[in-house]
Amino acid sequence: MTFSKSAAGPADVANNQQSSTVNKHRRDWRGWKFMGPFAVAFLLVFIIPIIYAIYISFFEKRMVGGTVFAGLSNYKRLFADGHFWSSVGRVSAFTLIQAPLCLFLAALLALAIDSMRLHGTKFFRISTFLPYAVPAVVSTLIWGFMYGAKYGLVGSFNSWTGLHLDLLASNILLVSIGNIVTWEYTGYNMLIFYSSLSTIPHSLYEAAAIDGASEWQIVRRIKMPELRGSLAITVIFSIIGSFQLFNEPSIMQNMVPGNTITSYYTPNMYAYSLSFAGNQSNYAAALAIVMAVITMAIAYAVQLNSLKEQMK
Amino acid sequence: MTSDILDESPSAIRARERRRAKRVARDERAERKRAAKNGFSNPANPRRSMTLTLVTGIFALYCLFPFAYLIINATKTQPDFTSTFGLWFGHTFALWDNITTVFTYEDGIFGRWLLNTLLYVVVGAGGATVLAIMGGYALAKFTFPGRKAVFAVVLGSISVPGIALAVPQFLLFAKMGLTNTPWAMILPSLISPFGLYLMWIFSEQAVPTELLEAARVDGAGEFRTFLTISLPLLAPGIVTTALFAIVATWNNYFLPLIMLKDANWYPLTIGLNQWKNQANTAGGHAIQNLVITGSLITVIPLMIAFLILQRYWQSGLAAGAVKE
């Protein structure tokens, strides 16, 4: 076995995969020295809780006799639970509209920033990303105050125009929440798109330009295919994120008049109120597992397979 | 088995690696300059566009004006907050008063929340970064038994919703007597699947395997090789992983909400929300000016971190994207 002439050349990056599997035939446990700590922590806070949740979902608390084995009765009850399905419907509608919109905006933004045709590229890159660093609590508070019809910006707008706009009314509230989530995550998704665009070698653009490609053709034939790769990861994160919707509606609950945001507004809020206010943690565990299965199934169906291929 | 590289000491190899990186960077800079001069920075249409800048500017405005709202309203007194226009200053400039009141209200509990948050970030996000660095390095540079299984399990875990974990985590922690202690916040923060993914890809690209082989031949132990050779090469990836772990921990709301009941252990996020809710409780008076000023104080440290470390995390992310 011989090494290439210098310690590291550009070609070595491609060779890494090969040379790291040189010792394939010998059982090589050295990696576990480094993998071990992560694996132990992962077992403790990920694997064991999931197994525990599956276990307790087969039990229920009875008035007489305490906690007893109940088979699938929690799951049967869940499938007939109107509150649960209404919350699933709500987050599904939310995901269907908010996620594509947010990703579309993010991709446009990434293309604009990557086009090098903007004055102040750096400013745009950092300023559109900043909302990601704001805690959900703070962004919901700011937007919630601004939405307020009494002393918020919407209130000022109404008194100028004589309109009676109410962004916190029950029929439009989900859109208002969608706006907060879009504000928080567009920059983050933009950055993932932008990072993958920035890996395209410039010589490719030069070659395309020499061949007479227009800017639109470069976007269409070179940049869009590159974006498709990072689309997998952003789509999965967006789906998981919006199915777990909790922070924004739960923080807004008492900024919104009346009982518009119920305790079963989203599946997460329902599980929270079941286990912490309702003392029905076994039922909540069943709910959590069903939600996990639904989310994973959708994520898999949409993109996970292509992600796996890239990870090989 | 002829190779001159095996005769060199790791330090000489490192020095050469540094020189090479410098040379590459210099070449790239020259290349960019040349490209810009030839009008090839964007070959099809090299001129900057005012229209595109304006359209993107509208979106940037959307991203930034809530910050303006936050800063402007942090300078208002409570009566001004409810009576004057949201995007302009009030009658009195009360920013310093507000900041003092935030830190003295309820015996200075806000300072306590700030320290709690720092504790959770340093131990939780710091630990998460260390675990992700080592795990990612192992996945990239070693073929160990069970590597594929680790891979599949971590990949699958990305799509497990937080709530599916949080409820059983709470029940288990309650059994062990860990709820209402800092551990309830720190232990779950230690795992960052995204960080692991990032460090794995980054290690694969940034650490030449030949360098590790050379160090091994020289008799350096795995940990020494890791500390002296690999870690310095991984710096941009580490900054990126650390920043994202810090954001996740600093901004976490759900976990402390279920784990902590004692206000003395609250992080900033839960504390602020409690102040906001005070207006709705019977007899409680509204302190929105404090909520807004407290929010501003909560946001500023992360903003500064992102701005200062821009160069590192952007190159770290770019490297992470190569794989995609």
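Some notes on this structure:
- The sum of -39500 (n - 2.57) across all DSSP H runs of n ≥ 4, divided by the residue count of the protein assembly as shown, sets its helix-only mean residue ellipticity at 222 nm to -21000 deg cm²/dmol.
- Close amide H pairs (under 5 Å, H built 1.01 Å from N) link A:Phe59 with A:Ala70, residues at least 5 positions away or on another chain.
- Rg/Rh for the stretch A:123-269, where both radii come from Cα atoms and Rh is the Kirkwood radius: 1.13
- Using the Karplus relation 6.51 cos²θ - 1.76 cosθ + 1.60 with θ = phi - 60°, the per-residue 3J(HN,Hα) values for the stretch B:113-121 come to 5, 5, 5, 4, 4, 4, 4, 5, 6 Hz, with x marking Gly and Pro.
- Look at the Cα gyration tensor of chain B: its axes a ≥ b ≥ c give a/c of at least 1.5 with a/b at or below b/c, and that counts as oblate.
- Label zone at A:Ile200, where the point sits 7 Å out along the Cα-to-Cβ direction: the stretch A:110-149 residues whose backbone N lies under 14 Å: A:110-117
- The modelled label-to-label distance between A:Arg220 and B:Ile308, using points 7 Å beyond Cα along the C-beta direction, is 4.8 nm.
- Derived scalar couplings between HN and Hα for the stretch B:299-305 equal 7, 4, x, 5, 4, 4, 4 Hz in order, rounded to whole Hz, by the Karplus curve 6.51 cos²θ - 1.76 cosθ + 1.60 (θ = phi - 60°), x for Gly and Pro.
- Ascending count of other beta-carbon atoms within 10 Å, so fewest first, for B:Leu131, B:Leu196: B:Leu131, B:Leu196
- Length-normalised contact order for the stretch A:83-311 - Cα pairs under 8 Å, 6+ apart - percent: 28
- Put simply, the amide H of A:His119, placed in the peptide plane, has neighbours under 5 Å in B:Ser49, B:Thr53, leaving out anything fewer than 5 places away on its chain.
- The orientation-averaged shadow of the Cα convex hull for the stretch B:172-324, equal to a quarter of the hull surface, comes to 13.0 nm².
- Among A:255-261, A:85-91, A:104-110, B:74-80, sorting by the average number of other beta carbon atoms lying within 10 angstrom of each residue, highest first, gives A:104-110, B:74-80, A:85-91, A:255-261.
- Computed over the stretch B:159-265: relative contact order in percent, which uses C-alpha pairs under 8 Å that are six or more apart: 47
- Per-residue mean of foreign Cβ neighbours for A:120-131 is 5 (Cβ atoms of other chains, 10 Å radius).
- If R0 is taken as 60 Å, the Cβ-Cβ distance between B:Phe93 and A:Arg27 corresponds to a FRET efficiency of 0.30.
- Within 10 Å of each Cβ in A:245-251, the average number of Cβ atoms from other chains: 4
- Shielding by partners for peptide B:291-302, expressed as the average number of C-beta atoms from other protein chains within 10 Å of each residue's C-beta, is 3.
- Once both labels are positioned 7 Å from their Cα atoms along Cα-to-Cβ, the gap between A:Phe276 and B:Ala21 label points is 4.4 nm.
- Cα gyration tensor, the protein assembly as shown - rounded (a/c under 1.5), prolate or oblate: oblate
- Residues whose amide H lies under 5 Å from that of B:Lys76, counting only those 5 or more places away or on a different chain, are B:Ala94; hydrogens are built 1.01 Å from N in the peptide plane.
- Relative contact order [Cα under 8 Å, 6+ residues apart], chain B, whole percent: 25
- 3J(HN,Hα) couplings calculated from phi for the stretch B:48-58 with the Karplus curve 6.51 cos²θ - 1.76 cosθ + 1.60 (θ = phi - 60°) are, in sequence order, 6, 10, 5, 4, 4, 4, 5, 4, 5, x, 4 Hz; Gly and Pro show x.
- With an a/c value of 1.5 or above and a/b not larger than b/c for the gyration tensor axes a ≥ b ≥ c computed over the alpha-carbon atoms, the stretch A:14-160 is described as oblate.
- Residue exposure sequence - A:Thr199, B:Thr298 - by fewest surrounding Cβ within 10 Å: A:Thr199, B:Thr298
Read the figures in this text as sums done on the coordinates, not as results from a lab. Bear in mind the structure is a predicted one, so any value in this text is a computation, not a measurement. Backbone-built Cβ (ideal geometry, glycine too); neighbour counts: all protein chains shown.
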